[in-house]
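*Asks:* Let me give you the structure first, and then I'll get to my questions.
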Amino acid sequence: MPTFEEIRPCPSFNNNIEAAATNQEHEVEVIDYAKRAQWLRAAVLGANDGLLSTASLMMGVGAVRKDSKTMILTGVAGLVAGACSMAIGEFVSVYSQYDIELSQMKRDKMTNNNGLADHDKKSLPNPLQAAAASAVAFAIGAVIPLLGAAFIRDYMVRLTVVLVAVTLALMGFGALGALLGGAPMLKSSLRVLMGGWLAMGITFGLTKLIARSGL
């Protein structure tokens, strides 16, 4: 009869089991950030575009018109026009990508003598989803400077509040994009913030200059 020592698993066997379990645990924890690219680009960058373009429009108009009504109407027009433009552009872009990937998938299936199944199409990009996400995200971003200017009558205070609100939102969107994309948060936030300040400053300055020139 075999003794206990004879039937006890060898240490190498136990080590192999532990190593396999550890590897499996690490594999489960791995996040594929590439799969987030489509909705991340449509959502976070759409919100950033809505925030920045609307704020720049409002700051540009604010450079020559001091009444709050004109500034807010400009922001609302920028919100609607920008959301529609982003949605249509995203739809056309993603639909082109969809057609290319679908054609390539069909060629691969024909080469392997296989038919195209329904589950294969689920891996393809969704143009409607991307367009909707882009439009909604743009509108959310555009609302921030509008809310900052909506209830303030004093000209300088209104410009200051809009600038502060946009600054905080730019840093937040930059950090969110970095967090979801696995990039450094501080570096991403500062990059987005510097770009936003530059866009608003150029718009404000050029509009002021054109107004003074009498054009």
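*Asks:* Considering all alpha-carbon pairs of the range 33-210, what whole percent are spaced by more than 19 angstrom? Can you show the working numbers first?
*Replies:* Values: 9818 of 15753 pairs.
Distances greater than 19 Å cover 62 percent of the Cα pairs.
*Asks:* Can you give the Rg to Rh ratio of the range 54-108, both from alpha-carbon atoms, with Rh computed by the Kirkwood formula?
*Replies:* On the way: Rg = 19.0 Å, Rh = 13.6 Å.
My calculation puts Rg/Rh at 1.40.
*Asks:* What is the sum of charges, Lys and Arg at +1 and Asp and Glu at -1, for the other residues whose Cβ falls under 13 Å from the Cβ of LEU170? Kindly include the intermediate steps, with their values, before the conclusion.
*Replies:* Values: positive: ARG191; negative: ASP49.
So the environment of LEU170 carries a net charge of 0.
*Asks:* Multiply the residue gap between GLU101 and LEU209 by 0.36 nm, knock off their C-alpha separation, and tell me the result in nm, one decimal place.
*Replies:* On the way: separation 108, 0.36 × 108 = 38.88 nm, distance 4.82 nm.
The GLU101-LEU209 span can extend by a further 34.1 nm.
*Asks:* Let me ask another. Report the FRET efficiency, 1/(1 + (r/R0)^6), for ASP154 and LYS187, where r is their Cβ-Cβ distance and R0 is 35 Å, rounded to 0.05. Intermediate results must be reported in sequence, preceding the final value.
*Replies:* Values: r = 36 Å, r/R0 = 1.03.
Using R0 = 35 Å, I get an efficiency of 0.45.
*Asks:* For the range 77-179, what mean projected area does the convex hull of the alpha carbons give, in nm²? Show your work: numbers first, answer last.
*Replies:* Numbers: hull surface 34.7 nm².
The Cα convex hull of the range 77-179, projected and averaged over all directions, gives 8.7 nm².
*Asks:* Right, next: If packing is taken as the average count of other Cβ atoms within 10 Å, what order do 124-137, 181-194 fall into, highest mean first?
*Replies:* Numbers: 124-137: 19.4, 181-194: 14.9.
Top to bottom by mean Cβ count within 10 Å: 124-137, 181-194.
*Asks:* Can you sort PHE204, PHE151, PHE173, PHE138 so the residue with the fewest Cβ neighbours within 10 Å comes first?
*Replies:* Working: PHE204 20, PHE151 9, PHE173 28, PHE138 32.
Fewest-to-most Cβ neighbours within 10 Å comes out as PHE151, PHE204, PHE173, PHE138.
*Asks:* In what order do THR54, THR203, THR167 fall by count of nearby beta-carbon atoms within 10 Å, going from fewest to most? Mind showing how you got there, number by number?
*Replies:* Values: THR54 29, THR203 21, THR167 15.
The most exposed by this proxy come first: THR167, THR203, THR54.
*Asks:* Could you tally up the Lys pairs in the range 33-210 with alpha carbons closer than 18 Å? Skip any pair fewer than 8 positions apart unless they're on separate chains.
*Replies:* Values: LYS35/LYS121; LYS35/LYS122; LYS66/LYS208; LYS106/LYS121; LYS106/LYS122; LYS109/LYS121; LYS109/LYS122.
Going through the range 33-210 pair by pair, I get 7.
*Asks:* In addition: Just need the relative contact order of the range 48-144 here, percent rounded to a whole number, with Cα pairs under 8 Å and 6+ apart.
*Replies:* Numbers: 99 pairs, mean separation 45.8, N = 97.
Computed value for the range 48-144: 47 percent relative contact order.
*Asks:* Moving to a separate point now. So what's the gap between the Cα centers of the range 56-78 and the range 121-177, to the nearest angstrom?
*Replies:* The range 56-78 and the range 121-177 have Cα centres separated by 16 Å.
A short reminder: the numbers here are calculations on the coordinates, not readings from a lab. Worth saying up front: this structure is predicted, and the values here are computed from it rather than measured. Please note: Cβ atoms are built from the backbone with ideal geometry, for glycine as well, and neighbour counts cover all protein chains shown.
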